[in-house]
1. In segment B:88-109, is there at least one residue being without any contact (Cβ under 8 Å) to a residue 24 or more places away in the chain and surrounded by fewer than 21 Cβ atoms within 10 Å (Cβ to Cβ)?
2. Counting just the residues of segment A:32-42 that are out of contact with any Leu (no Cβ under 9 Å at 6 or more places or on another chain) and away from every other protein chain (no Cβ under 11 Å), which one comes out surrounded by the fewest Cβ atoms within 10 Å (Cβ to Cβ)?
3. How many of the residues making up segment B:239-270 are buried (at least 22 other Cβ atoms within 10 Å of the Cβ), out of contact with any Leu (no Cβ under 6 Å at 6 or more places or on another chain), closer than 15 Å to B:Ser316 by Cβ and not β-branched (Val, Ile, Thr)?
4. For segment B:312-369: of the residues being at positive phi and modelled with pLDDT under 95, which is surrounded by the fewest Cβ atoms within 10 Å (Cβ to Cβ)?
5. Assess whether A:Lys93 counts as being closer than 30 Å to B:Glu41 by Cα and within 14 Å of chain B (Cβ to nearest Cβ).
6. Scan segment B:323-365 for residues that are small (Gly, Ala, Ser) and within 20 Å of the chain's Cα centre (by Cα) and jot them down.
7. Looking at B:Arg230, B:Arg210, can you tell me which residue is within 14 Å of chain A (Cβ to nearest Cβ) and of a type outside the set (Asp, Glu)?
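The values are calculated or read from the model by the stated rules, or taken from the named source; none is laboratory data. Only a predicted model underlies this, so the values are computations on that prediction, with no experimental measurement involved. Ideal geometry is used to build each Cβ from the backbone, glycine not excepted, and the neighbour counts take in all protein chains shown. We work out accessible area using only protein heavy atoms, side chains counted, and drop any ligands, DNA or RNA first. Shrake-Rupley method; radii C 1.70, N 1.55, O 1.52, S 1.80 Å.
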Amino acid sequence: MSQIKFTKEHEWVILEQNTAVIGITNHAQEQLGDVVFVELPQVGETIVKDKQMAVVESVKAASEVYAPLSGKIIEVNSSLATSPELVNNSPEKDGWFIKITPENIQEFDTLMTKEEYDNFIKEIF
Amino acid sequence: MIEDLRRTPLYDFHIENGAKIVPFAGFEMPLQYAGAGIIAEHKHTREKASLFDVAHMGIIKLEGEEVAKGLETITPGDFLSLAVGKQKYSFFTNENGGIIDDIMVANYPNFFIVVVNAASRNNDLLLMQQKLANYAKVTELDDYALLALQGPMARKALAKIIPDVSDMTFMQVRESQFMNNPALISCSGYTGEDGFEIAVPNYLVETLARKLLENPDVKMAGLGARDTLRLEAGLPLHGNDIDAFTTPVEAQLTWAIGKRRQIEGNFPGKEIILAQIANGTDLLMVGIKVDSKIPVRSHAVIKDETGDEEIGMITSGTFGATINAPVALGYIDPAFATDGINVKVVVHGNLLDAKVVNLPFVPHNYVRK
């Protein structure tokens with residue numbers, strides 16, 4: 001069984017057993033506009049919660065993406081190198097960024113549920 | 001800080017079309033429209049035709065016998081030779097040769113029209129009212145709004161509504177009619193494509209927009225696409241690429257300074273500008289094309305091929321959807337200002353491979369005589 005959670009920085013995390021898949025939300029891609037390049041970390045690297053893990057370049061601007069959890073990267077979405085538009089077209093599925101083995105599963109519990117995130121977006125607008 | 005932002009007469013129309021509104025030069029302007037995105041709007045402009053709200057730009061009317069002579073006191077352009085029915089690109093210069101604003105000057109049968117940038121609108125009006133007092137009556141046409149229709153299908157689409165544009169060539173202007181009201185039309189734009197800029201009374205601008213959009217070839221495009229299109233066309237943006245601290249010579253705009261004006265040497269900033277024409281400059285504007293997909297942005301540092309020496313700076317950059325690569329403008333040491341020279345650009349601390357290239361990145365498709 002998998003579970004999805006969200007951050008205030010507009011990332012989503014799906015936890016499946018001991019793997020967390022991370023990407024940016026539909027709301028985030030709408031704000032960024034057309035994505036033309038995604039700078040991803042490499043497999044084997046460690047990411048640290050709340051520290052920068054990627055950069056998304058849209059036509060308009062460069063935006064940093066912060067790690068929602070700490071952990072070790074086990075896979076990156078290599079499709080984004082040739083098709084960065086996946087982030088716009090399928091942000092919460094085919095446009096995923098990285099898969100990690102989380103260091104501390106409890107970090108996941110502190111993130112927002114879908115309902116909480118949807119309310120959060122409404123509040124900031 | 002709360003800014004008092006102005007709206008163009010098309011504001012409600014933009015909202016109706018799902019525009020994402022952003023503040024720009026004191027106006028609330030559409031960045032892009034629902035259902036498209038900057039890249040789609042950019043490509044549509046190059047393939048068909050796009051309609052841009054450019055009513056944030058100022059339209060200033062100059063009337064009098066000596067308008068051309070007056071304009072030559074505040075610009076280095078040759079306006080005595082500007083024929084009726086023609087338009088010229090120019091700029092107001094300051095005493096240091098800097099570009100106060102870049103402008104389009106059109107000679108209509110009974111008056112001149114100067115189109116100025118939104119951000120400099122008030123200053124330019126004041127400048128002309130003060131400096132041209134002895135030459136012309138200066139009035140801002142606040143009751144007119146400017147639209148730009150750009151792209152290979154623009155001519156056909158506009159001619160269905162205003163037939164006499166069909167034979168106009170690049171930089172021609174004509175006073176025509178739209179719904180029995182005056183329409184000031186110039187064959188020009190900011191995309192590198194064939195197209196027109198059309199000024200009609202404010203209360204008719206939405207009607208004109210709706211009529212144009214009845215044509216399936218015409219779609220709305222926002223400021224986002226306007227910026228990526230003008231960058232591919234190698235056209236500088238005042239405030240980014242040119243400003244009061246850059247000269248026309250540094251910006252490679254010497255072509256817009258009349259030969260006669262260079263000989264007579266009687267315009268603001270003449271000492272510096274003429275010296276730069278004769279002896280060269282410390283910096284020159286060039287196009288920069290990056291070999292990867294990572295866009296380079298304003299203020300990124302340009303280095304030589306070894307990455308050791310700093311040779312310049314990017315002034316604006318984005319992703320060029322037509323050439324499918326990042327494009328940028330910047331100023332560099334003239335020793336490197338040659339087509340094909342390899343350079344590096346610093347982005348997020350990394351050195352990216354890039355090349356100095358001749359402008360424009362995408363060939364202009366102007367209809368010339």
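1. First, pick out the residues of segment B:88-109 that are without any contact (Cβ under 8 Å) to a residue 24 or more places away in the chain: none.
No, segment B:88-109 contains no residue that is without any contact (Cβ under 8 Å) to a residue 24 or more places away in the chain and surrounded by fewer than 21 Cβ atoms within 10 Å (Cβ to Cβ).
2. Initially, segment A:32-42 is screened for residues out of contact with any Leu (no Cβ under 9 Å at 6 or more places or on another chain), giving A:32, A:34, A:36, A:39, A:41-42.
Subsequent filtering for residues that are away from every other protein chain (no Cβ under 11 Å) retains A:41-42.
Details: A:Pro41: 18, A:Gln42: 8.
For segment A:32-42, the residue satisfying everything is A:Gln42.
3. Count: 1.
4. Only one residue tops the list, namely B:Gly349.
5. Working: closer than 30 Å to B:Glu41 by Cα: yes; within 14 Å of chain B (Cβ to nearest Cβ): no.
For A:Lys93, the condition - closer than 30 Å to B:Glu41 by Cα and within 14 Å of chain B (Cβ to nearest Cβ) - is not met.
6. Step one: of segment B:323-365, the residues small (Gly, Ala, Ser) are B:325, B:328, B:330, B:335, B:337, B:340, B:349, B:354.
Matches in segment B:323-365: B:Ala328, B:Gly330.
7. Numbers: B:Arg210 fails: within 14 Å of chain A (Cβ to nearest Cβ).
After ruling out the rest, the residue left standing is B:Arg230.
Condition check ((1) among the acidic types (Asp, Glu); (2) more than 17 Å from B:Leu229 (Cα to Cα)) across all residues:
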residue: B:Pro268; (1), (2): no, yes
residue: B:Asp282; (1), (2): yes, yes
residue: B:Pro326; (1), (2): no, no
residue: B:Ala335; (1), (2): no, yes
residue: B:Leu352; (1), (2): no, yes
